[in-house]
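Asker: Below: one structure in structure tokens.
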Amino acid sequence: MEAKRFTIYFTSDLHGYIYPTDYRSREERDMGLFKCASQFRKDGNTLVIDGGDILQGSPLGAFCHDTLGNAGRFAEMMNRCGYDYVTLGNHDFNYGMAYLDSYLDTLRARCVCQNVRWDGAGVRFPARIHTLENGLRIGIVGIVTDYVNIWERPEHLSGVTISDPIPAARAALDELRDQVDVTLCIYHGGFERDLATGRVLSATHENVAYRLCQELDFDILLTGHQHMTVHGQTVCGTFVVQPTDRGQEFLRIEAAVVEGEKRFTSETVPAAGTCRREWLEEFAGMEHGAQDWLDQVVGHLPKPLLPDTPLRMAAEGSGLADLFNAVQLWATGAQLSASSLANDVAGLPQVVRRRDLLIAYPYTNTLSVLQITGAVLRQALERSAEYFTRNDDGTLRVSDCFLEPKVEHYNYDYYAGVSYTYDISQPVGQRVIRMTVAGKPVAPDDVFTICLNSYRASGTGGYDCYVGCPMVREIGTEMSDLILEYFKQYGDAIQDVHGDFQVLPAIKA
């Protein structure tokens, strides 16, 4: 009997990068949805699938939200690229359900996300059976990490409940199994174990892809969220893949089914070549509007805040992190502040445009002020100190726990209002050898207010010490807007008000 074949094109974590640009300039780059989708070759035995996180993360995404107020244009872009199915990512909830619905209402692709339920009712985005031209029936289930409940503002989840993804996926799989030839799960989440060794990399349930392979028997598992390349391989009988972010690559998966036997192969394809001209022209007005909006000057700095390697900035201090902390203290009146930097730090030039700020701070975080004790402050600092370790020759390097299973430089925090020193020769958990506030040593029962972004205030990133600390106040304005307001208020007087942002080293020589 001749094998029946089909192809899947899979993207994930596009984060609003549609055009071939990184928005640091107007130059063309080998990235973005249009660079990927221009390579798709679709027929009746092809599925085009996205794994979520499309609406937020790029300046184009910010422009669309701030100026258009709905995400219909993003859906039209996905429609042109021929998507059949999508699931939701955690960042797709960042602007609230009304904004997300404006995307889904225009989207031709079916959304599948089994663990997103109507409040008190059924599954909002149920599994689907797709029958290909050759007669093969594909059962398609979507799920999203339930850490959305931890990260997202409750009002942004109005009308829906997000449950544990594994029971939701199991229930859908049990229902589909006898009706289809191939089962496929799209999971906006990643792997909690090393795929080569099986070693546990994370004890949380943010990522449960390995458990999905162990406990369920999907034929194919398409993963995302971690922004790391997973070339096609089999884990506990399930064929798994994952692309990196921003449309830098996509997966082409080839499948063959003959007499119940299923064979899967895949290729990780980089974004390259030319984009389809009609797509570029159709959305040129939005893209040019975004580029002009980004080029508006919003203020000036005493001197450029230049990036360095993540390790050197963490060890020696970062003027950019100090700026973010200054804004957080200004906006909240807290005594202390903690902030972090993106994995790929852009820095800020002396003449600051909106483009520069949105690249330097790409997140939709709001701010929270917590009441903490000196003991909690020490725990937080000790967690940040885990970022460092030493090579055999004594040179400093980043600890593996911040690099695996995905790179997490953004989970190293920079602090303001507290002076501290780490001694990396000491064991983890005992590295803070000096900690003073207003020149006085910090005692365990001292009480302070600290400003954190909403992501960190939830305890995410290993900062469980913040969980349960009293909430003093919340600032509903996104941090990127607060930075813009800060520049508007102080303008060219930032230097007079705050001087050069003080860069303090953290590591004892």
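The values are calculated or read from the model by the stated rules, or taken from the named source; none is laboratory data. Because the structure is predicted, anything quoted here is derived from the model rather than measured. Cβ placement follows ideal geometry from the backbone for every residue including glycine, while neighbour counts extend to all protein chains displayed.
Asker: In segment 411-497, which strands (runs of 3 or more DSSP E) lie fully inside it and hold 2 or more residues that are under 24 Å from VAL345 (Cβ atoms)?
Answerer: Working: elements: 414-416, 419-422, 432-437, 447-453, 471-475.
Answer list for segment 411-497: 414-416, 419-422, 447-453.
Asker: Assuming HIS65 fulfils every condition listed in (1) touching a Leu at 6+ places or on another chain (Cβ under 6 Å); (2) in a helix (DSSP H, G or I); (3) not charged (D, E, K, R) apart from one, which condition is it?
Answerer: (1)
Asker: Then there is this: List every residue pair whose Cβ atoms sit under 6 Å apart, with the two residues 6 or more apart in sequence or on different chains, where the first one lies in segment 428-451 and is in the same structural domain as LEU336 (by TED's automatic domain parsing) and the second, anywhere, is of a type in the set (Lys, Arg).
Answerer: Close Cβ pairs (under 6 Å, with a partner that is of a type in the set (Lys, Arg)) amount to VAL432/ARG378.
Asker: Oh, and also: Could you tell me how many of the residues in segment 199-227 are touching a strand residue (DSSP E or B) at 6+ places or on another chain (Cβ under 9 Å), assigned to a loop (DSSP other than H, G, I, E, B) and over 17 Å from ASP50 (Cβ atoms)?
Answerer: 9
Asker: State yes or no: is LEU55 at negative phi, touching an Asp or Glu at 6+ places or on another chain (Cβ under 7 Å) and part of a strand (DSSP E or B)? Before the answer, list the steps.
Answerer: Working: at negative phi: yes; touching an Asp or Glu at 6+ places or on another chain (Cβ under 7 Å): yes; part of a strand (DSSP E or B): no.
Answer is no for this residue.
Asker: Name the residue that is farthest from MET77 (Cα to Cα), counting only residues in segment 103-156 that are modelled with pLDDT of 95 or more and in a helix (DSSP H, G or I).
Answerer: If we take residues in segment 103-156 being modelled with pLDDT of 95 or more and in a helix (DSSP H, G or I), then LEU104 is farthest from MET77 (Cα to Cα).
Asker: To continue, here is another question. Hey, can you tell me all the residues within segment 22-34 that are at pLDDT 95 or above and either under 20 Å from the mean Cα position of the chain (by Cα) or crowded, with 22+ Cβ neighbours inside 10 Å (or both)?
Answerer: MET31, GLY32, LEU33, PHE34
Asker: Touching a helix residue (DSSP H, G or I) at 6+ places or on another chain (Cβ under 8 Å), closer than 24 Å to LEU320 by Cα and β-branched (Val, Ile, Thr): does that describe VAL442? Lay out the reasoning, then the answer.
Answerer: On the way: touching a helix residue (DSSP H, G or I) at 6+ places or on another chain (Cβ under 8 Å): yes; closer than 24 Å to LEU320 by Cα: no; β-branched (Val, Ile, Thr): yes.
No: the conditions fail for VAL442.
Here's the yes/no breakdown for (1) surrounded by fewer than 21 Cβ atoms within 10 Å (Cβ to Cβ); (2) out of contact with any Lys or Arg (no Cβ under 6 Å at 6 or more places or on another chain); (3) of a type outside the set (Gly, Ala, Ser); (4) not assigned by TED's automatic domain parsing to the domain that holds HIS227:
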position	(1), (2), (3), (4)
GLY72	yes, yes, no, no
MET78	no, yes, yes, no
ASP84	yes, yes, yes, no
LEU104	yes, yes, yes, no
VAL116	no, no, yes, no
ASP119	yes, yes, yes, no
GLY135	yes, yes, no, no
GLY139	no, yes, no, no
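Asker: Moving on. Out of all the residues in segment 188-197, which are in contact (Cβ under 8 Å) with a residue 12 or more places away in the chain and either more than 17 Å from the chain's Cα centre (by Cα) or farther than 11 Å from GLN226 by Cβ (or both)? Steps first, answer last, please.
Answerer: Restricting attention to segment 188-197, the residues satisfying the condition of being in contact (Cβ under 8 Å) with a residue 12 or more places away in the chain are 188-195.
Of everything in segment 188-197, those that are in contact (Cβ under 8 Å) with a residue 12 or more places away in the chain and either more than 17 Å from the chain's Cα centre (by Cα) or farther than 11 Å from GLN226 by Cβ (or both) turn out to be ARG193, ASP194, LEU195.
Asker: For GLY190, state whether it is surrounded by 20 or more Cβ atoms within 10 Å (Cβ to Cβ), in a strand (DSSP E or B) and on the phi < 0 side of the Ramachandran plot. Talk me through it step by step, then tell me what you get.
Answerer: On the way: surrounded by 20 or more Cβ atoms within 10 Å (Cβ to Cβ): yes; in a strand (DSSP E or B): no; on the phi < 0 side of the Ramachandran plot: yes.
So GLY190 does not fit the description; no.
Asker: Return the residues of segment 344-364 that are assigned to a loop (DSSP other than H, G, I, E, B) and crowded, with 20+ Cβ neighbours inside 10 Å; say none if nothing qualifies. If you could, list the steps in order and put the result at the bottom.
Answerer: Taking segment 344-364 and keeping what is assigned to a loop (DSSP other than H, G, I, E, B), we get 344-347, 349-350, 361-364.
Matches in segment 344-364: VAL345, ALA346, TYR361, PRO362, THR364.
Asker: Go through segment 305-343 and give me each residue that's of a type in the set (Phe, Trp, Tyr) and either closer than 19 Å to ALA380 by Cα or part of a loop (DSSP other than H, G, I, E, B) (or both). If you could, list the steps in order and put the result at the bottom.
Answerer: First, pick out the residues of segment 305-343 that are of a type in the set (Phe, Trp, Tyr): 324, 330.
Within segment 305-343, PHE324 is the sole residue that qualifies.
Asker: So, one more: Just checking, does segment 411-427 include any residue being at pLDDT 95 or above, touching a strand residue (DSSP E or B) at 6+ places or on another chain (Cβ under 9 Å) and on the phi > 0 side of the Ramachandran plot?
Answerer: The answer is yes, given that some residue of segment 411-427 is at pLDDT 95 or above, touching a strand residue (DSSP E or B) at 6+ places or on another chain (Cβ under 9 Å) and on the phi > 0 side of the Ramachandran plot.
Asker: Specify which of the listed residues (ARG128, ARG73) is of a type in the set (D, E, K, R) and closer than 30 Å to GLU259 by Cα.
Answerer: On the way: ARG73 fails: closer than 30 Å to GLU259 by Cα.
Checking each option against the conditions leaves just ARG128.
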